[in-house]
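Every number in this text was worked out from the coordinates using simple rules, so none of it is lab data. Being a predicted model, the structure only gives us computed values, none of them experimental. Every residue, glycine as well, gets a Cβ built from its backbone with ideal geometry; the counts of neighbours run over all protein chains shown.
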């Protein structure tokens with residue numbers, strides 16, 4: 001930036017670093033397993049997809065949700081859930097139910 005651009009900068013309109021670095025902060029909530037929320041209505045509040053620590057060359061979905069008035073987080077490597085949540089990422093918060101179809105989990 002030039003000196004003139006810096007002097008003209010509206011410091012109140014500058015984005016805060018924490019808005020971009022939030023992926024590194026832990027999501028608040030009690031940890032749950034998929035089996036514990038099957039067929040229950042939940043509200044997905046936030047999510048992130050990271051590299052899996054358990055499987056090489058795969059992804060891990062972490063999502064934060066509201067269920068029965070409490071906030072929880074869940075970790076899964078379910079490819080179906082990862083693909084589905086990528087498709088609705090701009091629609092959060094969102095009501096859904098996690099169901100098991102054969103060997104797979106799905107948002108319904």
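Given contacts defined as C-alpha pairs under 8 Å and at least six residues apart, what's the relative contact order of the chain, whole-number percent?
Values: 154 pairs, mean separation 27.4, N = 108.
Normalised by residue count, the contact order of the chain is 25 percent.
Quick check: from the Cα gyration tensor, does region 26-107 come out rounded (a/c under 1.5), prolate or oblate?
Working: a/c = 1.40, a/b = 1.24, b/c = 1.13.
It is rounded, given that a/c, with a ≥ b ≥ c, falls under 1.5.
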To the nearest 0.05, the calculated FRET efficiency linking residue 32 and residue 57 through their beta-carbon distance, R0 being 22 Å, is 0.25
Only helices counted: for the chain, with every DSSP H run of 4 or more residues adding -39500 (n - 2.57) and the sum spread over all residues, [θ] at 222 nm is -4500 deg cm²/dmol
So for R0 = 30 Å, FRET eff. of residue 4-residue 25 from the Cβ-Cβ r, to 0.05, ends up at 0.25
So residue 90 and residue 102, fully extended at 0.36 nm per residue minus their Cα-Cα distance, gain in nm 1.5 nm
Cβ density ranking, 10 Å radius, fewest first, applied to 81, 9 yields 9, 81
